[in-house]
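These notes concern the structure reproduced below.
The values are calculated or read from the model by the stated rules, or taken from the named source; none is laboratory data. Computed from a prediction, not measured in an experiment: that's the story for all the values here. Using ideal geometry, Cβ is built from the backbone for each residue, glycine included, and neighbour counts are taken over all protein chains shown.
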Amino acid sequence: MRLKEFKINDPQPAFIQLLSFFKALADEKRLKIIGLLAQKPQSVENISAALGLSVSTTSHHLSRLSKAGLVSARAEGYYSIYSLNTEKLHQMSQQVLQPQNLPELAPEAVEDVFERKVLNAFIDAEGRIKAFPAQQKKFLVLLRYVVNAFEPDTTYTEKEVNEILLRFNPDTAQLRRSLVEHHLMSREGGGGQYWRTDETP
């Protein structure tokens, strides 16, 4: 079976499902959450206590796992109880992770060439953005370049975000706003806390 023919009851293309699956598991804390839920369903508070994490951080990790279809939640009084979706894990391992499918996961070389051309055109020798391109596709290449300066699973104040963005361009407001609008970073409430989301626009 070729990868492009693979389907789960999900509207996403198979490649996007697989990418989401790997990203969800590519974190030590989320793997530990999977391990805890494999033992029994757990509340956010219990998971937080077991791993020594804040409730907000635990909720963020559970949200990533939920988006990948790996966990589900049910209400139980005032608490949300999370369970491991073992059927999803089985589907992914049995139907997607087949050796004959993996070669088709290689990214298109054309896209790599395009990104290199954009970076060469708009980034100077010191790694700073010389100008913002009008074409959105090119601008997204620059945003993905910039977001790599932020560590995953780390929260930043707006001041810290601006200090990092200033390394790339004086217009920190546009960069900060664009990173959030294109879901490369998220912010809490009025923007007091920011964190990298690692979503691919």
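Checking each residue in the stretch 141-168 for being farther than 29 Å from residue 58 by Cα and either of a type in the set (A, V, I, L, M, F, W, C) or crowded, with 17+ Cβ neighbours inside 10 Å (or both) picks out 141, 142, 166, 168. For the stretch 10-41, the tally of residues that are within 14 Å of residue 66 (Cβ to Cβ), modelled with pLDDT of 90 or more and more than 15 Å from the chain's Cα centre (by Cα) stands at 4.
Only a single criterion out of (1) hydrophobic (A, V, I, L, M, F, W, C); (2) modelled with pLDDT of 80 or more; (3) not in a strand (DSSP E or B) is not satisfied by residue 81, namely (3). Take residue 173 and decide whether it is assigned to a helix (DSSP H, G or I) and over 22 Å from residue 64 (Cβ atoms). Judged against the criteria, residue 173 is a match. Among the criteria (1) assigned to a loop (DSSP other than H, G, I, E, B); (2) touching a helix residue (DSSP H, G or I) at 6+ places or on another chain (Cβ under 9 Å); (3) at pLDDT below 90, the one residue 131 does not fulfil is (3). Comparison of 56, 72, 66 shows that the only residue that is modelled with pLDDT of 85 or more, under 19 Å from the mean Cα position of the chain (by Cα) and not in a helix (DSSP H, G or I) is 72.
Beta carbons closer than 9 Å, at least 6 apart along the sequence or on distinct chains, pair a first residue in the stretch 64-76 that is closer than 19 Å to residue 90 by Cα with a second that is surrounded by fewer than 16 Cβ atoms within 10 Å (Cβ to Cβ) and of a type in the set (Asp, Glu) for 69/10.
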